[in-house]
Amino acid sequence: MNGSHEPKFANKELLSVEELAEYLGISVASVRRMVERRSIRFYRLARHLRFRRSDVEAYLATRLVEVIEV
């Protein structure tokens, strides 16, 4: 633990594939599939992929399932 109540990636603007996978609670392979399908925006820096936090939040907003009132 980092001894803080802040989320682990709270101060990072760019996340790696591994960090994004941990942040979203999915596998690295799932993140790589999202990249392959171009379903999330990313930066390619040499051979490294990076994801901007605001792009991740925008992606998550598109995946929101609204509540159906019965």
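In the chain, what percent of the accessible surface is made up of carbon and sulfur (1.4 Å probe, ligands and nucleic acids excluded)?
Of the solvent-accessible surface of the chain, carbon and sulfur hold 53 percent.
How much length is gained on full extension from Glu13 to Arg47, taking 0.36 nm per residue of separation minus their Cα-Cα distance?
10.4 nm
Take the Cα radius of gyration of the chain and divide it by 2.2 N^0.38 Å, with N its residue count; two decimals is plenty.
Dividing the Cα Rg of the chain by 2.2 N^0.38 Å gives 1.25.
Relative contact order for the chain: what percent, with Cα pairs under 8 Å and sequence separation of 6 or more?
Relative contact order for the chain comes out at 28 percent.
Give, in nm to one decimal, the length gained when the segment between Ser54 and Arg38 is fully stretched (0.36 nm per residue of separation minus the Cα-Cα distance).
Full extension from Ser54 to Arg38 adds 4.1 nm.
The values are calculated or read from the model by the stated rules, or taken from the named source; none is laboratory data. What you see is a predicted model, and the numbers here were worked out from it, not measured in a lab. Just so you know, the surface numbers come from the protein's heavy atoms only, side chains and all, with ligands and any DNA or RNA stripped out. Shrake-Rupley method; radii C 1.70, N 1.55, O 1.52, S 1.80 Å.
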